[in-house]
Structure formats: C-alpha cells, structure tokens
1. Taking Cα pairs under 8 Å and at least six residues apart, what relative contact order does the chain come out at, in percent?
2. So what's the back-of-envelope 222 nm ellipticity for the chain, counting only DSSP H runs of four-plus at -39500 (n - 2.57) apiece and dividing by all residues, rounded to 500?
3. Check every DSSP H run in the chain and write down those whose alpha carbon atoms cover 27 angstrom or more along the long axis and whose mean Kyte-Doolittle hydropathy is 0.0 or greater.
4. Hand me the trypsin sites (Lys or Arg not before Pro) from the stretch 213-256 located in a DSSP loop with no more than 10 other Cβ atoms within 10 Å, in residue order please.
5. Filter the GluC sites (Glu not before Pro) in the stretch 1-63 to those in DSSP coil with at most 12 other Cβ atoms within 10 Å of their Cβ, and list the result.
6. With a Cα-only, solvent-free Debye model of the stretch 235-321, what are the log10 I(q)/I(0) values at q = 0.19, 0.20, 0.21, 0.26 Å⁻¹?
7. Considering every Cα-Cα pair within the stretch 15-255, what fraction, in whole percent, is farther apart than 31 Å?
8. Mind grabbing the accessible area of H36 for me, 1.4 Å probe, Å², rounded to tens?
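The values are calculated or read from the model by the stated rules, or taken from the named source; none is laboratory data. Since we're looking at a predicted model, the values are computed, not measured. Here the Cβ positions follow ideal geometry from the backbone for every residue, glycine too, while neighbour counts run over all protein chains shown. What goes into the accessible areas is simple: the full protein's heavy atoms, side chains included, and nothing from ligands, DNA or RNA. Shrake-Rupley method; radii C 1.70, N 1.55, O 1.52, S 1.80 Å.
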Amino acid sequence: MPVYLDNAATTKPCDEAVSALNRCLTTIYGNPSSLHIMGLDAEKEILAARRQIGDAIGTEYINIFFTSGATESNNLAIFGTVNANKRRGNKIITTDIEHQSVHSPLSYLEENGYDIVRIRTVDGQIDEDELIDAVDDRTILVSAMLVNNESGSIQPIGKVFRTLKRRYPQLITHCDAVQAFCKIPMRASALNADLISISAHKIHGVKGVGALYIKKGVRILPMIHGGGQESGLRPGTESVPLIAAFGEAVRIGSEKIDENYDHVSKLSSYAKAELQKLDDISINMFHEHSPYIMNFSVKGIRSEIMLHFLEEKGIFVSSGSACAKGKKSRVLEAFGIEDSAIDSAIRISFSKYNTMNDIDKLISGIKDGQGRLLRS
Ligand code: PMP
C-alpha cells in the first residue's frame, strides 16, 4: 500500500463517488438536455449534485454552476467579471500567494492593460489594511484564496470581504476555496464572496469537474458560447458521471467534515511533533493553519532529491505545488521563506485515509534520507 501524502495535489476517489460514476456511465447515459425520460434521469443526477454542493456551502442549488475544475472556475470568475464590467473600471486586487490558475489569468490581463495589484503577505497572512486600502471606485474585482495550497495558511477572507462589500457594494469578491471546501467549515454568507471556486478531485471526487458559486444577482459573462447549459454561463453537454460523483463526494465529505478534521488534526500534530524531534528540519507554518497541509524543509537536501528518495520507499509527497513542477515556488517566497529553505521544501497533505502508521513511515524515511543523502 502506498503512503500517499499528496492529498492537496489530488485525492483518492471515495467508494461512493466511484459507484455514482459507474452507475451513470453504465445506466444513466442520456443527455440531460434530452426531453425524454433518459434525459430527465440524467438531469435529476445533476440536480441532486447541485443540491448537495449548495447545501454544503449554505446556498440554494441554483447558485452552483458546474465547470471542468477549479482552474476553469477561477478563469470564469475573473474573465466573466472583467467582461461584464468593462465600463466600470480596470483595476483588480489580488494577493501574492494565489494559485497559478488565478495568478496567470491576472498576469494575462496585466499584459493587456489591466491594473493588477498584488497584496503582500506578512507572517503568513495577507496584509488586510493594505488590501482594503488598495480598493477604489475603479476596482471591479478582488480575488483572494481561503486556504493556501502550498503552506496551508488560512486567510481572513470573510472579514476582509465584509469590510469591502460595505464600502463598495458594486465590487465583486471572488474566493478560491479549493483547499478549504469540505475540509474546514465554510459558508458562502460568512465568506462574503460573490464567487467561490471549488474542485471535486481535492475532496475524493473525480478529476475533470468543479463548480463556481455565483451569488444571486451577481452578473458575470460566459467565456465560451454554445447551448444553454448551466444557464448559458458554461455551455456544453454536462459530464453527468463526474458531476454525480462530485455530489456523492460532497455528501460524504460534508457529513464527515468534523470527524475528518479531528482525524487529520491528530495526524498533523503528530507529524509536526515527530518532525521537530529530527535535526535540521524547519517547519514552514504560520498561526492560522489548515491541518490538511504541512510544509517543512530538510536542511541541505533538495526537495526533488528527498521526494524521489521517499518515492522509492513507497511514500508520496510533494516538493510544493504539483502545478508549479520544477519551478522555485513564488508562493513560498512571498511567505518570506529563505531561498535555501524553499529549495528543500517538502509539502505533505493528509486525507481521511491516512493513518498514524503513514506518519511513522514518513518520519523514518526522512531520517534515513538525512543519513544517506547528506553523506553523499
Ligand atoms: N486552486 C487551488 C488552491 C488549488 O490547489 C488547485 C489545484 N492544485 C486549483 C485551484 C486548480 O484546481 P483544478 O485542478 O480542479 O483545476
């Protein structure tokens, strides 16, 4: 059995998601837009999943729009807002720790004349005052993540967005909540977000499906044009099997959110305590923190070398964000972590399937790695 500690990159689909997937692949294969009973059955599956997701974040199902994943949700949130607000302004505020799927679209807009302001992070937290002060009447969008995917730090999004919405009711607030959804309690109303991005494969669903929550009354424009699916905002025949599996993963994930949180918290505290017993380890962690993600550096051993050493023992970790393969992490740099520590940073991320035994194997693997790799 592999020791899989890369759950922030993706998770193992849960049994319930796999059985929903199989059921839809084999029997519910009608097109949800077809008017006959096979179409209606497929449409029912989508409605059930939409309801599950709506319930999980405390909103009506009609505010949930399916996409191909959070990368698309983030792009739709950004370009959809920009295209709907061309006359109102061209300024967008974001942070310097965003995922590439927010960072890159905003860089593209910057190259095309938009004024993009990236707020700094101090001691693991975005500078709230700097963010609030950066917003003005020309600002159309603020996009900020809730849980950072490389460090696990939790950002004070609900509080910041509340202040901003009071001062600038027209402003659109977007939150990439991929690493928070079904992991830490999260309600759309408490986040004060107009738009929220989530993804299925981070919560034991299947890759290739995600969703964007759009608050009632908030208008964004589609990026692609076609049929009327997803209220015309995201046309294209829906992937019923992936959506149904997403719904099941959300049902199980939200039912067990507290139980899983407690389990993962125990694993995380144990891992931290055991790592701190080893020499030459620094934990790259801040105050407000999700127990699902931990980042640490093993002095003198480059991340990739340690990653492959552990891999040979059947232990799977990440050297940072899987999406930033081989590149020095701009996010860890923004968190103020020294270059040498970034070079040797390892991210471990947990799920309900991990055990204390997994942590013991990891610790013994790292200890072994320090003995062998440092010597060579
Ligand atoms: N945002 C964050 C914070 C993420 O961790 C990820 C996945 N690495 C994404 C967005 C992109 O999600 P997806 O893989 O569903 O496109």
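1. Relative contact order here is 24 percent.
2. -13000 deg cm²/dmol
3. Within the chain the helices that satisfy the rule are 37-57.
4. K216
5. For GluC sites (Glu not before Pro) across the stretch 1-63 that sit outside H, G, I, E and B with at most 12 neighbouring Cβ atoms in 10 Å, the list reads E60.
6. Calculated log10 I(q)/I(0) at the listed q: -0.99, -1.04, -1.08, -1.30.
7. Cα-Cα pairs of the stretch 15-255 separated by over 31 Å account for 22 percent.
8. 100 Å²
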